[in-house]
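Enquirer: The following block contains the structure, expressed as structure tokens.
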Amino acid sequence: MDDTEYGVQIGENKFIRKATVLSHLKTYNLYYEGQNLQLRHREEEGELIVEGLLNIFWGLRRPIRLQMQDDHERIRPPPSSTSWHSGCNLDSQGSPNSTDGQQMTQQSPPTVEVTEPDSQPEDDGVMEEQAEEDSESSAQLLRTKSDAGVLRRGQRRSPSDQRKIRRHRFSINGHFYNHKTSVFTPAFGSMTNVRINSCMRTPQVLRVLLNKFKIENSPDDFALYLVHASGERVKLKRSDYPLVLRVIQGPCEQVCKVFLMEEDLGEEVTYDVAQYIKFEMPVLQSFITKLKEEEDREVQKLRRRYTYLRCIIEKQLSCLPEGAACM
């Protein structure tokens, strides 16, 4: 049969009527009215294409690795303390009330040098300590490159450079690559989003997500799960289309969320099993006890039945003539 007869494909050999998808899409957009999570749709050669942002929640248990590539281009090491630029920075970062520093920069800017601590006058001791603290703090910001570090260093860049850096790489809760936070585990349940369309399957969505944050791990190491509020957990197959499935599940993330988990650590939970997950341990123990008692009763019934049948067979065999029994 022709695929277009069924409408929109949601998985391998799985289709749903186009009218049903449009109905769910209308509800989805009404729920997110006025927000950037609304989805757009169009038709190309009779095929319905939906595109927009998909919210994905982090559910990883193992650390991930951020790529190191091209970080050296936008973050450079601090200049050495004996360079001409460093000397200018030290003088410019001195106390504004220090007239000696101002006169020194006005008289000979090209020949500013940093002398040894023993050869500097005692009056400049305060200015030297402040300059050393500033240089140490800037070096620490380069090493850690945390949230605060990026903000403080951004004050010294032009607006165009800051915009370029923001476009250059996203961050996961403020984490960028460096030797301390290049390997870390995102907070469980924290949310991110990716812009995809209904033609993208699960591996393509995973690749877009990993490329967004420059994650070094392979997309094959991860999987997407539909996690319901009831505790049910369904793993999306490689042939599934996450955006369409999200629309079909409904817009409310209190009912169903899309989680990113490890391929080998995540496990599916059926609806029947999910019904018992939220019970307390004493209640679950009572369920197990009752099931055990029921199992024992069924075993006793089977034993009595087969004991009775065995007796009948043995009685019939004893009534047969000896020659017939040998046959």
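Enquirer: Kindly state which helices (runs of 4 or more DSSP H) lie completely within region 164-279 and contain at least 3 residues that are at pLDDT below 85.
Expert: 271-277
Enquirer: Right, next: Name the residues in region 228-240 that are within 18 Å of the chain's Cα centre (by Cα) and open to solvent by less than 30 Å² (accessible area, probe 1.4 Å), would you?
Expert: Hit for region 228-240 is LEU236, nothing else.
Enquirer: Okay, next question. Test SER286 against the criterion of being open to solvent by less than 80 Å² (accessible area, probe 1.4 Å) and in a loop (DSSP other than H, G, I, E, B), and give yes or no.
Expert: Spelling it out, it is not the case that SER286 is open to solvent by less than 80 Å² (accessible area, probe 1.4 Å) and in a loop (DSSP other than H, G, I, E, B).
Enquirer: Of the residues that sit in region 36-62 and are on the phi < 0 side of the Ramachandran plot and loosely packed, with under 11 Cβ neighbours inside 10 Å, which one is nearest to the chain's Cα centre (by Cα)?
Expert: Only one residue fits best here, namely ARG61.
Enquirer: Suppose we filter region 256-275 for residues that are under 19 Å from the mean Cα position of the chain (by Cα) and either more than 15 Å from VAL205 (Cβ to Cβ) or open to solvent by 10 Å² or more (accessible area, probe 1.4 Å) (or both); how many remain?
Expert: Counting residues in region 256-275 that are under 19 Å from the mean Cα position of the chain (by Cα) and either more than 15 Å from VAL205 (Cβ to Cβ) or open to solvent by 10 Å² or more (accessible area, probe 1.4 Å) (or both) gives 11.
The values are calculated or read from the model by the stated rules, or taken from the named source; none is laboratory data. The structure displayed is predicted, hence computed values, not measured ones. Note: ideal-geometry Cβ built from the backbone for every residue, glycine included; neighbour counts use all protein chains shown. Keep in mind that these areas ignore ligands, DNA and RNA; they rest on the heavy atoms of the full protein, side chains included. Shrake-Rupley method; radii C 1.70, N 1.55, O 1.52, S 1.80 Å.
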